[in-house]
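Comments concern the structure below.
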Amino acid sequence: MTRGDIVAAARAWAGTPYHHQASLKGVGCDCLGLVRGVWREVVGPETEMPPAYSPDWAEALKRETLIEAARRHFGEIALEEAGAGDVVIFRLHRAAMAKHAAILTGANRMIHAWSGHAVVETSLSGWWSRRAAAGFRFPGLEREDLDGAAEPRPETL
């Protein structure tokens, strides 16, 4: 598996409608469902199914549930090391629990599912950069080169 494989798999989800708790390419997904779907395509079967969760699940539990789950399955990396094919988890508010995920696709680019929007590749703007909480690398990533597959694309918003 290469970074290019991960980026290509993520881009294939573009246009998938947002649907809370779903993970079906072309049918519906949320941000976690996108990451889960790409995992299935590039790594293999999921080793853990997430429990049902409400929009306020992280706050209700008062735990960094998403980061804890990512640590169980991905390799944690410093945010400044994150590149194409890596997963970044965000805090939507400065003091909130982290509960949004995206897959980086290139220099300052990411693909993610956002409530009310289809899966989209967009800029990793300053707003998003300031909210980045943790970075993770897919297990089994063999090569650091991008194979030309993770070049930035025009913004699709």
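The values are calculated or read from the model by the stated rules, or taken from the named source; none is laboratory data. What you see is a predicted model; the values in this text were computed from it and never measured. Note: ideal-geometry Cβ built from the backbone for every residue, glycine included; neighbour counts use all protein chains shown.
Some notes on this structure:
- Within the range 34-58, considering residues that are surrounded by fewer than 13 Cβ atoms within 10 Å (Cβ to Cβ) and acidic (D, E), the one farthest from T122 (Cα to Cα): E48
- In the range 4-26, the count of residues that are surrounded by fewer than 19 Cβ atoms within 10 Å (Cβ to Cβ), assigned to a helix (DSSP H, G or I) and either touching a Leu at 6+ places or on another chain (Cβ under 7 Å) or aliphatic (A, V, I, L, M) (or both) is one or more.
- Residues of the range 27-46 satisfying the condition of being more than 15 Å from G140 (Cα to Cα) and in a loop (DSSP other than H, G, I, E, B): V27, D30
- So T65, is it buried (at least 17 other Cβ atoms within 10 Å of the Cβ), in contact (Cβ under 8 Å) with a residue 40 or more places away in the chain and polar (S, T, N, Q): no
- Cβ-Cβ under 8 Å pairs, at least 6 apart or on other chains, the range 94-118 side of a type in the set (S, T, N, Q) and at pLDDT 90 or above, far side buried (at least 20 other Cβ atoms within 10 Å of the Cβ) and outside any loop (DSSP other than H, G, I, E, B): T105/V7; T105/A10; T105/I111; T105/E121
- Residues of the range 108-127 that turn out to be surrounded by fewer than 19 Cβ atoms within 10 Å (Cβ to Cβ) and of a type in the set (D, E), as a count: 0
- Of the strands (runs of 3 or more DSSP E) lying entirely inside the range 83-142, the ones with 2 or more residues being among the β-branched types (V, I, T) are found at 87-91, 98-106, 120-123.
- Flag for A69 being touching a His at 6+ places or on another chain (Cβ under 6 Å), closer than 23 Å to M1 by Cα and not in a loop (DSSP other than H, G, I, E, B): no
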